[in-house]
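Take a look at the structure below.
The values are calculated or read from the model by the stated rules, or taken from the named source; none is laboratory data. Here the structure is a predicted model, which means the values were calculated and not measured. Positions of Cβ are generated from backbone atoms using ideal geometry, with glycine treated the same way; all protein chains shown enter the neighbour counts.
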Amino acid sequence: MARFELKLPKMGESVAEATITNWLKEVGDKIEADEAVLEIATDKVDSEVPSEVSGILVEQLFGKDDLVQVGQTIAIIETEGGETATPEVANTVQETAAPVEAAEIEKTIESVKETVTSQDFSGSDKFFSPLVKNIAKEEGLSLNELENIAGSGKDGRVTKEDILKYVEARKSGSIQAPQTVEVAPKVVAETPKAEAPKAVEPVVQKSQQAVPVSVNGGDEIVEMDRMRKLISGYMVASVQTSAHVQSFIEVDVTNIVKWRDKVKAAFEKREGEKLTFTPIMMEAVAKALKDFPGMNISVDGDYIIKKKNINLGMAAALPNGNLIVPVIKNADQLNLVGMAKAVNDLGNRAKAGKLKPDDTQGGTYTVTNVGTFGSVFGTPIINQPQVGILALGAIRKVPAVIETPEGDFIGIRQKMFLSHSYDHRVVDGALGGSFVKRVAEYLEAFDVDRDF
């Protein structure tokens, strides 16, 4: 029998770690090649890790909610094949290096434990896992509260389930938490305002915000899922980072509506893809970004990074109500057919939960279609570290003044609003307004005689 090490695969250039969200196979289960063994989550995308071999799962090296680095061994699978030279060599090397490596690893683990403990809840003699401490920090628990939670783990350690039960009971009002409000101000009082640690402030704010919340018998308490917590954090961080300002412009898209109605059947027959308005809008945005590269930037402290590539993010709503932003790479190099295929591919995979980590990385500007839900316009929040985001409003039939050589008259036109949010730290009204105006000009000048 040979032992195969299942490692966390490389999921993209910018992805270095992932969290185990669920084990699909337990120790002793038989596994077929390419069968999913566990589910993992990065900061934006959930995915499965398949086995490269057939065999029996004999060891799980990490548990649910553990953070694993790319390349780390996460499980051992015992295969039915005979022993080969490679496993023998690997075992020999492992046996030789084991004492030295084990000692180094133990030192590293102890060092990490000491570092984590010194940063959070350092005044306790008890050991709390990083996950438990993170939950305590997010929920605004005091050190005294954390120490008094009855632990069901080994040696009385507080587990994830223990702290979540406590938090739920605390929110429902079945237990009192007087020490939370009392201890937090004491920490602030002992530290001069000018030098107050940043980590203390959110805890105090959460404690103060939690006080006025009342729950009655008819209310239901539902914990946010992992993705909603991440989105919540991203949105708050973006508003606190960027000075948001908006520009709005109304666009006449009558020619685009007529052209799409005329060619959509032929387009689907020839290309095997549905033609929506989104790729037409994305094409115009990509052109405008080439005209105004000052919108295709990001901010890093006091520095502006001018992006070479135009990578368009397209905000997509998931069936569970959450939001994800897959990215069309090098969007300015795509014709309308290529753009339509990219939009449909990313949209379909987003709905099916099949996006890869790289599919959501590297965006330089984002477009969101609020018109899908009937909104006329909106004020979207910037997708950091980008400096702009464009919201596409619903297309409506409206009466409008039409100018002709024979004079003006009233007619029915198809119109929509473009809402442009941009970062006033680096984008002034002239650039932000000129950019969205250029997008509108490309859309209104759409060639109705063009081929697709």
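Details
- Any hit, segment 291-301, residues being assigned to a strand (DSSP E or B), touching a Gly at 6+ places or on another chain (Cβ under 7 Å) and either more than 20 Å from ILE382 (Cα to Cα) or not acidic (Asp, Glu) (or both): no
- Taking the criterion of being more than 30 Å from the chain's Cα centre (by Cα) and either closer than 21 Å to GLY371 by Cβ or not assigned by TED's automatic domain parsing to the domain that holds VAL367 (or both), no residue of segment 268-278 qualifies.
- Scan of segment 400-452 for residues that are surrounded by fewer than 17 Cβ atoms within 10 Å (Cβ to Cβ), of a type in the set (Asp, Glu) and more than 22 Å from PHE277 (Cβ to Cβ), ordered by number: GLU403, GLU406, ASP408, ASP428
- For segment 37-78, a residue qualifies if it is among the small types (Gly, Ala, Ser), out of contact with any Gly (no Cβ under 9 Å at 6 or more places or on another chain) and under 18 Å from GLU17 (Cβ atoms), and the qualifying residues are ALA41, GLY63, GLY71, ALA75.
- Filtered residues of segment 271-282 (kept if in contact (Cβ under 8 Å) with a residue 60 or more places away in the chain and either touching a strand residue (DSSP E or B) at 6+ places or on another chain (Cβ under 6 Å) or under 14 Å from GLY338 (Cβ atoms) (or both)): GLU271, GLU273, LEU275, THR278, PRO279, ILE280, MET281, MET282
- Filter result for the condition that a residue is in a helix (DSSP H, G or I) and of a type in the set (Lys, Arg), over LYS415, LYS437: LYS437
- Residues that are closer than 25 Å to ALA237 by Cβ, touching a Ser or Thr at 6+ places or on another chain (Cβ under 8 Å) and not in a strand (DSSP E or B) do occur in segment 312-330.
- Listed by first and then second residue, the pairs linking a residue in segment 324-353 that is closer than 29 Å to VAL448 by Cβ and surrounded by fewer than 16 Cβ atoms within 10 Å (Cβ to Cβ) to a residue that is among the hydroxyl-bearing types (Ser, Thr, Tyr) and at pLDDT below 95, with Cβ atoms under 6 Å apart and 6 or more places separating them unless they lie on different chains, form an empty list.
- Any hit, segment 379-399, residues being surrounded by fewer than 21 Cβ atoms within 10 Å (Cβ to Cβ), of a type outside the set (Lys, Arg), free of Cβ contacts under 8 Å to residues at least 12 places away in the same chain and not assigned by TED's automatic domain parsing to the domain that holds LEU8: no
- ILE256 being crowded, with 16+ Cβ neighbours inside 10 Å, β-branched (Val, Ile, Thr), within 30 Å of ASP447 (Cα to Cα) and out of contact with any Phe, Trp or Tyr (no Cβ under 6 Å at 6 or more places or on another chain): no
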